[in-house]
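J.: Questions regarding the structure given below will be posed in turn.
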Amino acid sequence: MDTLNKSQIEKALADRLPSYRVECTLHADGTLSAVLTGPETDHFAITGIVRAHYHGTEAINRLATEILREMVLSRQGMKNSRLQALSDPIDCLEGRDR
């Protein structure tokens, strides 16, 4: 991926993540940042991708898989945080301490 330009990287990732619009920023230190915008204004940003670690088609596929995995983990964390926040007022109302 370190030999690809910005538009080539965006296209390669968008081809593998068809539900998302991909916008990348290439940094002078050899890293990449990507912002993915999906359905219903769903946004996900990932930074610090070391371009030299991703060579060839298989590596682009691996990166797309890693991005999807991070998106799933992030959503699970957000869901768990919301569930915890919803349960906190109940604990307070019932006089339970943590």
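J.: Does Leu17 fit the bill of being within 11 Å of Met1 (Cβ to Cβ), in contact with a strand residue (DSSP E or B) (Cβ under 9 Å, 6 or more places away or on another chain) and in contact (Cβ under 8 Å) with a residue 12 or more places away in the chain?
T.: no
J.: If you take the residues in segment 16-74 that are touching a Leu at 6+ places or on another chain (Cβ under 8 Å) and assigned to a helix (DSSP H, G or I), which one is modelled with the lowest pLDDT?
T.: Met71
J.: Looking at the structure I just gave you, is Leu86 loosely packed, with under 11 Cβ neighbours inside 10 Å, of a type in the set (A, V, I, L, M) and modelled with pLDDT under 95?
T.: Judged against the criteria, Leu86 is a match.
J.: Right, here's the next one. Please go through segment 21-46 and give me each residue that is in contact (Cβ under 8 Å) with a residue 24 or more places away in the chain and surrounded by 15 or more Cβ atoms within 10 Å (Cβ to Cβ), ordered by number.
T.: Within segment 21-46, Leu26, Leu32, Ala34, Leu36, Phe44, Ile46 meet the criteria.
The values are calculated or read from the model by the stated rules, or taken from the named source; none is laboratory data. Computed from a predicted structure; not experimentally measured. Positions of Cβ are backbone-derived with ideal geometry, glycine not excepted, and every protein chain shown enters the neighbour counts.
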